[in-house]
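What follows is a set of notes on a single structure, which appears directly below.
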Amino acid sequence: YRTYWQTLQEFGVPYDPRHVEFLSGLELQPGMVAGFDAMRRLIAGGHVPTSIIVVNDFVAWGVMEQLKIAGLRVPQDVSVVGFDDLAI
(Lines give C-alpha, C1' and ligand atoms only; values in the text may rest on other atoms or scores of the structure.)
Protein backbone atom coordinates (compact mmCIF):
# COMPACT_ATOMS: atom_id res chain seq x y z
CA TYR A 1 0.00 0.00 0.00
CA ARG A 2 2.90 2.30 0.76
CA THR A 3 4.29 1.66 -2.73
CA TYR A 4 0.87 2.44 -4.20
CA TRP A 5 0.89 5.84 -2.48
CA GLN A 6 4.48 6.54 -3.54
CA THR A 7 3.74 5.69 -7.16
CA LEU A 8 0.68 7.91 -7.23
CA GLN A 9 2.76 10.78 -5.88
CA GLU A 10 5.59 10.10 -8.32
CA PHE A 11 3.25 10.37 -11.30
CA GLY A 12 1.16 13.22 -9.89
CA VAL A 13 -2.01 11.12 -9.72
CA PRO A 14 -4.42 12.15 -6.94
CA TYR A 15 -5.46 9.45 -4.47
CA ASP A 16 -9.09 8.38 -4.92
CA PRO A 17 -10.44 6.13 -2.14
CA ARG A 18 -13.09 4.78 -4.54
CA HIS A 19 -10.29 2.87 -6.27
CA VAL A 20 -9.07 1.02 -3.18
CA GLU A 21 -10.67 -1.97 -1.45
CA PHE A 22 -9.15 -3.22 1.80
CA LEU A 23 -9.51 -6.89 2.61
CA SER A 24 -10.65 -7.97 6.04
CA GLY A 25 -7.94 -7.81 8.69
CA LEU A 26 -9.18 -11.20 9.88
CA GLU A 27 -7.90 -12.92 6.74
CA LEU A 28 -4.24 -13.79 7.22
CA GLN A 29 -4.09 -15.46 3.81
CA PRO A 30 -6.63 -13.63 1.62
CA GLY A 31 -8.23 -15.92 -0.92
CA MET A 32 -10.70 -16.19 -3.77
CA VAL A 33 -13.73 -15.12 -1.75
CA ALA A 34 -11.97 -11.95 -0.60
CA GLY A 35 -11.14 -11.02 -4.20
CA PHE A 36 -14.62 -11.91 -5.41
CA ASP A 37 -16.27 -9.77 -2.71
CA ALA A 38 -13.88 -6.82 -3.11
CA MET A 39 -14.45 -6.72 -6.88
CA ARG A 40 -18.20 -6.98 -6.34
CA ARG A 41 -18.06 -3.91 -4.10
CA LEU A 42 -16.05 -1.95 -6.67
CA ILE A 43 -18.49 -2.87 -9.43
CA ALA A 44 -21.52 -2.08 -7.26
CA GLY A 45 -20.01 1.32 -6.46
CA GLY A 46 -19.71 2.06 -10.16
CA HIS A 47 -15.93 2.28 -10.01
CA VAL A 48 -14.60 -0.42 -12.30
CA PRO A 49 -10.90 0.18 -12.91
CA THR A 50 -9.08 -0.57 -16.15
CA SER A 51 -6.45 -2.43 -14.15
CA ILE A 52 -6.19 -3.89 -10.67
CA ILE A 53 -3.27 -5.11 -8.56
CA VAL A 54 -4.06 -7.62 -5.82
CA VAL A 55 -2.18 -9.15 -2.91
CA ASN A 56 -1.91 -12.72 -4.28
CA ASP A 57 -3.01 -15.00 -7.11
CA PHE A 58 -5.93 -16.51 -5.18
CA VAL A 59 -7.41 -13.03 -4.70
CA ALA A 60 -6.77 -12.34 -8.41
CA TRP A 61 -8.68 -15.51 -9.26
CA GLY A 62 -11.69 -14.32 -7.25
CA VAL A 63 -11.47 -10.87 -8.88
CA MET A 64 -11.46 -12.46 -12.35
CA GLU A 65 -14.47 -14.64 -11.52
CA GLN A 66 -16.47 -11.58 -10.42
CA LEU A 67 -15.43 -9.68 -13.55
CA LYS A 68 -16.61 -12.59 -15.69
CA ILE A 69 -20.00 -12.61 -13.95
CA ALA A 70 -20.26 -8.85 -14.58
CA GLY A 71 -19.63 -9.45 -18.29
CA LEU A 72 -16.16 -7.91 -18.26
CA ARG A 73 -13.21 -9.55 -19.99
CA VAL A 74 -9.68 -9.99 -18.67
CA PRO A 75 -7.42 -8.50 -20.01
CA GLN A 76 -9.46 -6.77 -22.72
CA ASP A 77 -11.61 -4.72 -20.30
CA VAL A 78 -9.68 -5.00 -17.03
CA SER A 79 -6.05 -6.06 -16.49
CA VAL A 80 -5.48 -8.10 -13.33
CA VAL A 81 -2.10 -8.57 -11.64
CA GLY A 82 -1.57 -10.98 -8.76
CA PHE A 83 1.59 -12.06 -6.94
CA ASP A 84 3.14 -15.45 -6.17
CA ASP A 85 2.96 -17.22 -9.55
CA LEU A 86 0.57 -20.04 -8.72
CA ALA A 87 0.20 -20.91 -12.44
CA ILE A 88 -3.60 -20.91 -12.28
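Could you give me the percent of Cα pairs per 10 Å distance bin for the chain, shortest bin first, beginning at zero and ending with the bin that holds the maximum distance?
16, 50, 31, 3
Convert each backbone phi in region 9-15 into a coupling constant with the Karplus relation 6.51 cos²θ - 1.76 cosθ + 1.60 (shift: θ = phi - 60°), then list the ³J(HN,Hα) values in order as whole Hz, x for Gly and Pro.
Once rounded to whole Hz, the list reads 4, 4, 9, x, 9, x, 5.
Describe numerically, in nm with one decimal, the distance between label points set 7 Å from Cα along Cα→Cβ at V33 and at I69.
1.3
Which cross-chain or sequence-distant (5 or more) residues have an amide H under 5 Å from the amide H of V78, H modelled 1.01 Å from N in plane?
Distant-sequence amide H within range of V78: R73.
Carbon and sulfur: what percent of the chain's accessible surface (1.4 Å probe)?
It is 59 percent, rounded to a whole number.
Which value, in Å², gives the accessible area per residue of region 27-82 when a 1.4 Å probe is used on the protein heavy atoms?
Result: 57 Å² per residue.
The values are calculated or read from the model by the stated rules, or taken from the named source; none is laboratory data. What you are looking at is a predicted structure, and each value in this text was computed from that prediction instead of being measured. Glycine gets a Cβ as well: all are built from the backbone with ideal geometry, and neighbour counts include every protein chain shown. Ligands, DNA and RNA are excluded from the accessible area calculation, which covers all protein heavy atoms including side chains. Shrake-Rupley method; radii C 1.70, N 1.55, O 1.52, S 1.80 Å.
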